[in-house]
Amino acid sequence: MRIGVVSEPPRIGSPIKICLKQLSNLSKRHSIFLVIQERNLSSLTNVFRGLLKSTFLIKLKSIPFLSPILDAVSKTYRTMEWGEVEIDLASLIMNIAIASHRLSSVKCERLLCHSTLAPFSVLDLYARSKIRKILHVHDVPIHVMMKQGGLAKDRLTVEAVKRFESWVVSKADAIICTTYYAAKSWHELFGVEAVVIHPGCDPVHVFPYPKKDYILSLSSWARGRGSFFLLDLFERLKNSKMKLIIAGSWPDLSEFERLRTAVSKKGLQRKVFLLQNLSENAIVDLYRNARCFISPPIEGPFLMTSLEAASQGTPIIFPSGASAWEVFTPCIHGFEVIVGDMDSYIESVSKFEEDETVRKLGYSIWKRSKDVSWDCHVEKLEKILE
């Protein structure tokens, strides 16, 4: 099958990683043609090295003069409370006809669009073509995120985005959500019945044990993601033998500096370690050796990191209501905590002092990860694409 895929704008995070891992596995049995914004693509390929080897790229190049102008004009609408969204609007607008033509010329039989923004890159093809079109969304609708991100007062813009999303939904032959959390939102707002296909993972062949002496938390640490709560947690656990590694990326580097200063002021330099901009291999190694993985202590779906931890035999700590519990089971694969309740976090983290708890839960979650591999994900996706 020849599949045209339109990606979200390249930025380090779970949505683009899901897209690339999905395509890497699909390309073993199908021809993949990926439409992707060129801006930030080099940084993406450095982190996710090798995932694009079997994929034909159709790059949406930046437009001299126009790209920076539209960046400046649209900055207010691309800046949420958690940071700026990197979308090259000029590139999307000026390359619409080119991307549609390229996919038509290679006779794509299916069109897979990641997010409701993606169809804008191939607007003519999406609007007129009779090929099967699949909308693949990773979160709640964009207009909802805009409201959550501080743009609720700009009703005209939010309403315009909502109308566009409604049109995109109406043109799709099928809609896929990565979590039931997201599917509920799409159903409530647009009345659609989405198919839920959880992301996959790559289970290591042999259960990795013993583990080292640290707990891992990994995220894109935008403001409000709860990293300072984790510092307070480990300040309360000063007598524990366990350490904490907070790893990932910081969209706002001043937030990283504030966190580093707080570590020093609390006297936690030998207890808490901050690691940023790691390679994929380094991240996998951190997962593999951690006693457990702890999610950012805030409300949200948060699923991908639980799968990655599971694939390396590392049990998890996630809040109640997180999508990790759509796949895994509390007390068997990890522990459920209450956001903002320090005592529940202390109780759950302290249990991983015991090697037997780490081994037992780690083995259980590793066995479960084999049932949610990327191979299983692709088999489910192919049934939707057929």
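The values are calculated or read from the model by the stated rules, or taken from the named source; none is laboratory data. Model, not experiment: these values are computed from the prediction. So basically every Cβ, Gly included, is an ideal-geometry build from the backbone, and we count neighbours across all protein chains shown.
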Residue that is nearest to Cys19 (Cα to Cα), among those in the range 96-118 that are touching a residue at least 60 places away in the same chain (Cβ under 8 Å) and within 17 Å of the chain's Cα centre (by Cα): His114
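This table checks each residue for (1) of a type in the set (Lys, Arg); (2) touching a Ser or Thr at 6+ places or on another chain (Cβ under 9 Å).
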residue	(1), (2)
Ser115	no, yes
Lys133	yes, no
Val137	no, yes
Val144	no, yes
Leu151	no, yes
Val158	no, no
Val168	no, yes
Ile176	no, no
Thr179	no, yes
Helices (runs of 4 or more DSSP H) within the range 281-386 that include 3 or more residues in contact (Cβ under 8 Å) with a residue 24 or more places away in the chain, hydrophobic (A, V, I, L, M, F, W, C) and crowded, with 16+ Cβ neighbours inside 10 Å: 304-311, 355-369, 374-385
Verdict on Leu23 being of a type outside the set (Asp, Glu) and in contact with a helix residue (DSSP H, G or I) (Cβ under 6 Å, 6 or more places away or on another chain): no
All positions within the range 1-41 that are touching a Pro at 6+ places or on another chain (Cβ under 9 Å), free of Cβ contacts under 8 Å to residues at least 40 places away in the same chain and in a strand (DSSP E or B): Ile36
Residue check for Pro315: in contact with a Cys (Cβ under 8 Å, 6 or more places away or on another chain) and either under 18 Å from Ile215 (Cα atoms) or not polar (S, T, N, Q) (or both): yes
Single condition Lys241 does not satisfy, out of (1) of a type in the set (Lys, Arg); (2) farther than 21 Å from Arg359 by Cβ; (3) touching a residue at least 12 places away in the same chain (Cβ under 8 Å): (2)
Inter-residue pairs, beta-carbon under 6 Å, first without any contact (Cβ under 8 Å) to a residue 24 or more places away in the chain and in the range 158-178, second of a type in the set (A, V, I, L, M, F, W, C) and part of a helix (DSSP H, G or I), 6+ apart: Val158/Met146; Val161/Ile142
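Okay, residues lined up against (1) outside any loop (DSSP other than H, G, I, E, B); (2) under 21 Å from Ile365 (Cα atoms); (3) assigned by TED's automatic domain parsing to the domain that holds Pro315; (4) hydrophobic (A, V, I, L, M, F, W, C):
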site: Ala183; (1), (2), (3), (4): yes, no, no, yes
site: Leu218; (1), (2), (3), (4): yes, yes, yes, yes
site: Gly224; (1), (2), (3), (4): no, no, yes, no
site: Arg260; (1), (2), (3), (4): yes, no, yes, no
site: Leu274; (1), (2), (3), (4): yes, no, yes, yes
